[in-house]
Amino acid sequence: MPVITRARAFGVAVGLALGLSTGPSLAQPEGATRPGPIIIVYRDDVSNVRQLKGTAHYAGALGRDASVSFTVDNESGEHVCNGTFTSEGRRNGKFSLTCLRGLFSGTGTYEQKPGDRRNSFVARGQTAQGLPIMLVVGRPAGITEGQFLSP
């Protein structure tokens, strides 16, 4: 077996042993947090409380990068929000987002509580109209699946 072929075979074997893919992969920046669940709960002028459930896609690593841009797709796979998490400390920071083509936006703060994973936390703030907004990112401690949330 030629040296180049043996080296490639060795590289593929090492990659497979480490769980690395040798073929094409989905576009995700190196070191980015994997996509995960997000629930955006907010009040608006028309109804009392709305919940927007979906999947957040990150352009960086939550808890490691100083600023991480993210997008949100709803349960139907439609792009509905753009935002940014900006770290201010090891387990806290700020967020800003704009959703539904500018229909509403919000800003606020987040804090990871004891028991939360690096990519799970609750963020609270206000919409541009001064109404409450809450982001449930990942699966933070104390939040159960299917729970109705209020900001």
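The values are calculated or read from the model by the stated rules, or taken from the named source; none is laboratory data. All values derive from a computational prediction rather than experimental measurement. Here the Cβ is made from the backbone with ideal geometry for all residues, glycine too, and neighbour counts use every protein chain on show.
In the set (1) closer than 12 Å to residue 137 by Cβ; (2) crowded, with 16+ Cβ neighbours inside 10 Å, the condition left unmet by residue 118 is number (2).
Has region 111-118 got at least one residue that is under 19 Å from residue 34 (Cβ atoms) and assigned to a strand (DSSP E or B)? No: zero hits.
Scan region 30-44 for residues that are loosely packed, with under 13 Cβ neighbours inside 10 Å and either more than 17 Å from residue 140 (Cβ to Cβ) or over 13 Å from the mean Cα position of the chain (by Cα) (or both) and the total you get is 2.
A quick yes/no check of all residues on (1) in a loop (DSSP other than H, G, I, E, B); (2) surrounded by 14 or more Cβ atoms within 10 Å (Cβ to Cβ); (3) of a type in the set (S, T, N, Q); (4) at pLDDT below 95:
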position	(1), (2), (3), (4)
46	yes, no, no, yes
53	no, no, no, yes
65	yes, yes, no, yes
84	no, yes, yes, no
89	yes, no, no, yes
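For residues in region 30-44 being in a loop (DSSP other than H, G, I, E, B) and of a type outside the set (D, E, K, R), which is modelled with the lowest pLDDT? Looking at the filtered set, the residue picked out is 31.
Determine if region 93-113 includes at least one residue that is exposed (fewer than 13 other Cβ atoms within 10 Å of the Cβ) and touching a Pro at 6+ places or on another chain (Cβ under 8 Å). Yes, region 93-113 has at least one match.
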